[in-house]
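Enquirer: I have a structure I would like to understand better, so I am pasting it below and will then ask my questions one at a time.
The values are calculated or read from the model by the stated rules, or taken from the named source; none is laboratory data. On a predicted model such as this, the values are computed, not experimentally measured, just so you know. Here the Cβ positions follow ideal geometry from the backbone for every residue, glycine too, while neighbour counts run over all protein chains shown. With ligands, DNA and RNA removed, areas are computed over all heavy atoms of the protein, side chains included. Shrake-Rupley method; radii C 1.70, N 1.55, O 1.52, S 1.80 Å.
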Amino acid sequence: MSPAELELLHVGVDATARDAMTAIDGNRGGIALVVDYAGRLVGTVTDGDIRRAMLADLSLETPVATILERQRELHEPRPMPLTAPIGTPPAELVALMRSYDVRQIPLVDEDGRVQDLALLHELVDVEGPPLRAVVMAGGFGTRLAPLTEDTPKPMLPVGDRPLLERIIEQLREAGIRHVNLTTHYRADVIAAHFGDGREHGVEIEYVPEERPLGTAGALGLVDADGPILVMNGDILTRLDFRAMHRFHDEHGAEMTVAVRPYEARVPYGLVELEDGRVTGISEKPLVRGFANAGIYLIGPGVRGLVEPGERLDMPQLIDRLVEAGRRVVGFPLREYWLDVGRLDDYERALADVEGL
């Protein structure tokens, strides 16, 4: 990596999580290097670190020093920062990355200044089982009537092409080459536009639903051995699917649910009761949490929980996994996301698309 490229990775010790996120997004290393005023490395921050901080309800204005402290608590006894001397043989770097389950190691000189960055994917082939996608495109889109009277919701134009075409293009950019489209309402319109998918750089396999099977039921009709990315066909987003896949693997999850920060002001005072006795009242409190973003990554063992032809929604499938003690994790979105479910959402999509 050139000195100019390395410089783009640098953030100061007084930087915020947002500063680190900007550095990560602007380089091919997928990492931010936190350096002191003398240019010596004091820590590193990855995309996964930012998202874990979001899950811990830390804002993007949180000092990067706080994130480094969280790392020390979570990753003991890993050396912090994890580095190697410049000139370390590739085989040793790979062994070190495998040992600590990381994909990058800064290479430093005797003074602790970063001279290069070793990236696992440049040293060995790290591709796991190929990721394929299932896009749920069979809904009626009744809330978007009259626009959907003759056009299925995923085929509504957003900018110069249908929303579903934008989704497939994004999947292709993430390296996904096989896409299953579940169809029901106006399936003919979707098939006529995409055909077998070759003109769009993917292989498309249609999964027709004779009757609506819910947001998870079609998984029982999909033949796949590896991991599957599942998403609703009415989502406009710039989510990094590769980052979601890495997060899924890093956390040893059987299912990863994309979630987005959400808050709402309750318009009334909430009365706190205990055995019928008032213990307090919160006047119009702000409720904060994470909302389901309609994008999921499931491991190969999950499909077996869905019977062919069974009507099932994703919340029910998640409940089955949780009740069975299987690992389900949340992947917080920091990218643009919009559910194009209502007319005002569609109008917003038309306004936002030029900036994506």
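Enquirer: By the gyration tensor of its Cα atoms, with a ≥ b ≥ c the square roots of the eigenvalues, what is the shape of region 245-356: rounded for a/c under 1.5, prolate for a/b over b/c, or oblate? Kindly include the intermediate steps, with their values, before the conclusion.
Expert: Details: a/c = 2.06, a/b = 1.22, b/c = 1.69.
Because a/c hits 1.5 or more and a/b fails to exceed b/c, region 245-356 counts as oblate.
Enquirer: Please identify, among Pro332, Pro146, Pro81, the residue showing maximal mean-square fluctuation in a Gaussian network model of the chain using a 10 angstrom Cα cutoff.
Expert: Fluctuation is largest for Pro146.
Enquirer: Need one value: the accessible area of Asp225 in square angstrom, 1.4 angstrom probe, rounded to the nearest 10.
Expert: The accessible area of Asp225 comes to roughly 140 Å².
Enquirer: How many angstrom lie between the C-alpha centres of region 136-150 and region 270-325?
Expert: The two parts, judged by their Cα centres, are 26 Å apart.
Enquirer: Largest first, what is the accessible-area ranking of Arg177, Arg52, Arg40 with a 1.4 Å probe?
Expert: Values: Arg177 125, Arg52 50, Arg40 100 Å².
The ranking, largest first, comes out as Arg177, Arg40, Arg52.
Enquirer: How much net charge surrounds Pro152 when only the other residues with a Cβ under 13 Å from the Cβ of Pro152 are counted, with Lys and Arg +1 and Asp and Glu -1?
Expert: -4
Enquirer: Tilt of helix 64-74 relative to the longest C-alpha principal axis of the chain, in degrees (0 to 90, nearest 10)?
Expert: The helix 64-74 is inclined about 90 degrees to the chain.
Enquirer: For region 9-22, in order, what is each residue's ³J(HN,Hα) by Karplus, 6.51 cos²θ - 1.76 cosθ + 1.60 with θ = phi - 60°, in whole Hz (x at glycine and Pro)?
Expert: 7, 6, 9, x, 5, 9, 6, 9, 4, 5, 4, 5, 4, 4
Enquirer: A further question on this structure: Considering amide H positions built from the backbone, and no H for Pro or chain starts, which residues 5 or more places from Asp116, or on another chain, come under 5 Å of its amide H?
Expert: Leu107
Enquirer: Another question, if that's okay. Ordering Thr88, Thr142 from largest to smallest accessible area (1.4 angstrom probe), what's the sequence? Can you show the working numbers first?
Expert: Values: Thr88 25, Thr142 110 Å².
Output order, biggest surface exposure first: Thr142, Thr88.
Enquirer: Over the chain, with the other protein chains present, what is the accessible area per residue in square angstrom, probe 1.4 angstrom? Write out the running numbers ahead of the final one.
Expert: On the way: 17800 Å² over 356 residues.
Per residue, the chain has an accessible area of 50 Å².
Enquirer: How much of the accessible area of region 173-254, in percent, comes from carbon and sulfur atoms when a 1.4 Å probe is used? Display every interim value, and only then the final one.
Expert: Details: 1550 of 3490 Å².
In region 173-254, the share of accessible area belonging to carbon and sulfur is 44 percent.
Enquirer: Ignoring everything except DSSP H segments at least 4 long, calculate the 222 nm mean residue ellipticity for the chain; use -39,500 (n - 2.57) per segment, divide by total residues, nearest 500. Write down the numbers at each step before the final one.
Expert: Details: 12 runs with 104 residues, N = 356.
Computed ellipticity for the chain at 222 nm equals -8000 deg cm²/dmol.
Enquirer: Quick one: what are the phi-derived ³J(HN,Hα) couplings along region 33-43, Karplus 6.51/-1.76/1.60 with θ = phi - 60°, whole Hz, x for glycine and proline?
Expert: Per-residue couplings from phi come out as 9, 8, 10, 7, 5, 9, x, 8, 6, 10, x Hz.
Enquirer: Per residue of region 347-355, in order, report the coupling 6.51 cos²θ - 1.76 cosθ + 1.60 (Karplus, θ = phi - 60°) as ³J(HN,Hα) in whole Hz, putting x for Gly and Pro.
Expert: 5, 5, 4, 5, 6, 7, 4, 5, x
Enquirer: What part of the accessible area of region 1-95, given as a whole %, is carbon or sulfur when the probe is 1.4 angstrom?
Expert: Numbers: 2680 of 4620 Å².
Result for region 1-95: 58 percent of the exposed heavy-atom area is carbon or sulfur.
Enquirer: Related question: Could you give the angle, 0 to 90 degrees to the nearest 10, between helix 241-250's Cα long axis and the longest principal axis of the Cα atoms of the chain?
Expert: 70 degrees
Enquirer: Could you work out the relative contact order of region 43-167? I mean the mean sequence separation of Cα pairs under 8 Å and 6+ apart, divided by the number of residues, in percent. The partial results should precede the final answer.
Expert: Values: 99 pairs, mean separation 16.0, N = 125.
Relative contact order here is 13 percent.
Enquirer: Tally the DSSP beta bridges in the chain and give the antiparallel ones as a percent, rounded to 5.
Expert: 60 percent
Enquirer: Taking semi-axes √(5λ) of the Cα gyration tensor in Å straight from the coordinates, which label in (1) 38, 28, 21; (2) 34, 33, 17; (3) 26, 24, 22 is the correct one?
Expert: Here semi-axes √(5λ) of the Cα gyration tensor in Å agrees with entry (1).
Enquirer: Please build a GNM for the chain, connecting alpha carbons under 10 Å apart, and tell me which residue among Val322, Val259, Val222 fluctuates the most.
Expert: Most flexible of the set in this elastic network: Val322.
Enquirer: In the chain, which longest range has no GluC sites (Glu not before Pro) that are both DSSP loop (not H, G, I, E or B) and surrounded by at most 11 other Cβ atoms within 10 Å? Before the final figure, lay out each step's value.
Expert: Working: sites that count: Glu61, Glu110, Glu127, Glu149, Glu210.
Excluding the exposed sites themselves, the longest stretch runs over 211-356.
Enquirer: With +1 assigned to the C-beta of every Lys and Arg and -1 to the C-beta of every Asp and Glu, and no other charges, what is the dipole magnitude of the chain about the Cα centre in debye, to the nearest 20?
Expert: Numbers: 37 positive and 59 negative charges, 88 e Å.
My answer is approximately 420 debye.
Enquirer: Okay, moving on. With springs connecting C-alpha atoms under 10 Å apart, model the chain as a Gaussian network and identify which of Val124, Val134, Val158 has the largest mean-square fluctuation.
Expert: In this elastic network of the chain, the residue with the biggest mean-square fluctuation among Val124, Val134, Val158 is Val124.
Enquirer: Please list, in chain and number order, the residues 5+ apart from Thr44 or on another chain whose amide H is under 5 Å from its amide H, with Hs placed from the backbone.
Expert: Val34
Enquirer: Right, another one. What stretch of the chain, leaving out the sites themselves, is the longest with no chymotrypsin sites (Phe, Trp or Tyr not before Pro) in a DSSP loop having at most 11 other Cβ atoms within 10 Å?
Expert: Details: sites that count: Tyr37, Tyr268.
Free of exposed loop sites, the longest segment is 38-267.
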